[in-house]
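The values are calculated or read from the model by the stated rules, or taken from the named source; none is laboratory data. Just so we're clear, the structure is a prediction, and the values are computed from it rather than from any experiment. When we count neighbours, we look across all protein chains shown, and the Cβ atoms used for this are built from the backbone with ideal geometry, even at glycine. These accessible areas exclude ligands, DNA and RNA; they are computed on the full protein's heavy atoms, side chains included. Shrake-Rupley method; radii C 1.70, N 1.55, O 1.52, S 1.80 Å.
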Amino acid sequence: MPTSLATRLAAIHPSATLAMSARAAEMRGRGIDVFAFGVGEPDFEPPAYVLDAAKKAIEEKKSSKYTAVTGIAPLKEAICAASARRRGVTPSPANVTVSVGAKHALFNLALALYDPGDEVVIPAPYWVSYPEQVRIVGAEPVIVETEEENGWRMTPASLDKALTKKTKAVILCTPSNPTGTAYGERELRALLEVLEPHDAWLIVDEIYAELVYDGFKNFSVATIAREMKRISDRTILVDGVSKSYAMTGWRIGWSIAPKEVAKACDVVQGQSTTNPSAVAQHAALAALTGPQDEVEKMRAIFEKRRNAMVGGLASLPGVKCRKPEGAFYAFADVRGLYGLEHAGKVIENDHDVAMFLLDQAHVASVGGGPFGAPGYVRFSYATSEERIAAGVASMRRAIENAKRAKPA
Ligand code: PMP
Ligand code: GLU
């Protein structure tokens, strides 16, 4: 039918994280006080110097016109300097594409790199958008299962098994959304050794790299790749200001890629969004070049919140929760809640649990299914310790008041 939707959409799921966000917003609109453990979005405002820089950019008329497609020169230089400072690599501005968020940077890469039939290896649990972006361009996500007992880390053996002649890329996220798992240097090195003989891109999403806890030292893949020429020519880093500077609404992310890939992203972006918003680029520039102690302050607060959320969840009847190394998510095993009754039905999967918690405890969360981890529910702890404590208490009441239809 000429008026039908594109067939490529048939296999695409809408973003589950954003769907929960919309649902919680709709409940709030009805006057319900919903605990915001759903979407992964810091509750902080960006540092004041970021907002001041944005105002100044408007006053100085630096924000009214198109900029270069891949970003203003000072921002690209600041991204290179930040990479040197934080990741131990020194890219040049020609490697950098500034985009409308890291999600957009990943989408540019999907359009620039994957052909129909290509395979893209993604360890599960994964951030919801990775496989969907791969599918949108007709490529095929190859999901590698991991074990909670192994800290949800992909092992070299399982990566090896997943790689084929059709593998075009491997996407790694560390620290991970949704599990909070961060890979240590030894683990990364072992994965890179497996990947080295294969002619595939390595895309590493480091958007949570500043948010690690208990003294964990984040180790950038880029640092290891530098010593492995065959890998460094194929490594692409994705990052942004959304998480570490609490700037989700400003929509600035970027990729750092070999020049031919950066050029391809320039072409793709030049035919889709053009440049990311000019004023947001000035705000991101201030974020990266201003005093960095605000980032550390937010990190320290997230660490306390992690302890509160993980401790709280683990104390609930029927819930188990691993303590993650980074990001701002607790990923809880909720299979012990299966068999409870909710809305005239028996709870039998993670989606039912998330709906039960939303209706009965007014807690927004996201079921593990869309992250490739049935049986689990993700709770974002990017909200105050008071709200975390109250939300956990509300979940406890809901669980204790629920009838059990059958044993877990
Ligand atoms: N990568 C990961 C792992 C994420 O959790 C997110 C969350 N939004 C993004 C990328 C995209 O971030 P943004 O588009 O806000 O920069
Ligand atoms: N990455 C965040 C999350 O997973 C924000 C929502 C999104 O972009 O998916 O909740």
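Residues being surrounded by fewer than 24 Cβ atoms within 10 Å (Cβ to Cβ) and within 16 Å of ligand 2 (Cβ to nearest atom): count how many of those fall in region 303-338.
Final tally of qualifying residues: 1.
Here's a check for you: in region 256-285, which residue that is crowded, with 23+ Cβ neighbours inside 10 Å and closer than 26 Å to residue 52 by Cα is farthest from the chain's Cα centre (by Cα)?
The qualifying residue farthest from the chain's Cα centre (by Cα) is 282.
If you scan region 188-230, which residues turn out to be of a type in the set (Gly, Ala, Ser) and closer than 20 Å to residue 152 by Cα?
Matches in region 188-230: 190, 209, 215, 220.
Mind listing whichever residues of region 249-276 are within 18 Å of residue 207 (Cβ to Cβ) and either out of contact with any Cys (no Cβ under 9 Å at 6 or more places or on another chain) or polar (S, T, N, Q) (or both)?
249, 250, 251, 252, 253, 254, 255, 265, 276
Quickly run through region 1-31 and pick out the residues that are of a type outside the set (S, T, N, Q), in a loop (DSSP other than H, G, I, E, B), open to solvent by 60 Å² or more (accessible area, probe 1.4 Å) and more than 16 Å from ligand 2 (Cβ to nearest atom).
1, 2, 5, 30, 31
Can you name the residue in region 54-74 that is among the small types (Gly, Ala, Ser) and within 12 Å of residue 278 (Cβ to Cβ) and, of all such residues, is most open to solvent (accessible area, probe 1.4 Å)?
64
What are the pairs, 6+ residues apart or on separate chains, where a residue within region 196-225 that is without any contact (Cβ under 8 Å) to a residue 60 or more places away in the chain has its Cβ under 8 Å from a residue that is of a type in the set (Ser, Thr, Tyr) and within 16 Å of ligand 2 (Cβ to nearest atom)?
204/174; 221/174
Taking region 173-232, which residues are assigned to a loop (DSSP other than H, G, I, E, B) and of a type in the set (Gly, Ala, Ser)? Spell out how you get there, then give the answer.
Step one: of region 173-232, the residues assigned to a loop (DSSP other than H, G, I, E, B) are 174-184, 196-200, 206-211, 213-220, 226-228.
Answer for region 173-232, where residues must be assigned to a loop (DSSP other than H, G, I, E, B) and of a type in the set (Gly, Ala, Ser): 176, 180, 182, 184, 200, 209, 215, 220.
Go through 77, 132 for me and flag whichever is acidic (Asp, Glu), at pLDDT 95 or above, under 30 Å from residue 353 (Cβ atoms) and not in a loop (DSSP other than H, G, I, E, B).
Within the list 77, 132, the selection yields 132.
Identify, from the list 50, 98, the residue that is touching a Pro at 6+ places or on another chain (Cβ under 7 Å), closer than 29 Å to residue 328 by Cα and within 16 Å of ligand 1 (Cβ to nearest atom).
It is 98.
Here are some residues: 208, 245. Which one is touching a Phe, Trp or Tyr at 6+ places or on another chain (Cβ under 8 Å), within 12 Å of ligand 1 (Cβ to nearest atom) and either open to solvent by 10 Å² or more (accessible area, probe 1.4 Å) or of a type in the set (Ser, Thr, Tyr) (or both)?
After ruling out the rest, the residue left standing is 208.
Quick one: residue 56 ticks every box in (1) in contact with a Cys (Cβ under 9 Å, 6 or more places away or on another chain); (2) farther than 26 Å from residue 129 by Cβ; (3) touching a residue at least 24 places away in the same chain (Cβ under 8 Å) except a single one, so which number is it?
That leaves (1) as the condition not met.
Taking residue 142 as the residue in question, decide whether it is more than 16 Å from ligand 2 (Cβ to nearest atom), surrounded by 23 or more Cβ atoms within 10 Å (Cβ to Cβ) and in a strand (DSSP E or B).
The answer is no for residue 142.
Those residues that are open to solvent by 10 Å² or more (accessible area, probe 1.4 Å), farther than 21 Å from residue 175 by Cα and outside any helix (DSSP H, G or I), I need them from region 84-124; list them, please.
Scanning region 84-124 gives 90, 91, 92, 100, 114, 115, 116, 117, 118, 119.
Among the residues of region 126-165, which ones are away from ligand 1 (no atom under 16 Å from the Cβ), acidic (Asp, Glu) and farther than 13 Å from residue 194 by Cβ?
Correct list: 140, 145, 147, 148, 149.
Taking the criterion of being over 30 Å from residue 306 (Cα atoms) and away from ligand 2 (no atom under 16 Å from the Cβ), would at least one residue in region 168-181 satisfy it?
Within region 168-181 (the criterion being over 30 Å from residue 306 (Cα atoms) and away from ligand 2 (no atom under 16 Å from the Cβ)), the answer is yes, since at least one residue qualifies.
Go over the candidates 375, 367, 336 one by one and state the one that is on the phi < 0 side of the Ramachandran plot and touching a Gly at 6+ places or on another chain (Cβ under 8 Å).
336
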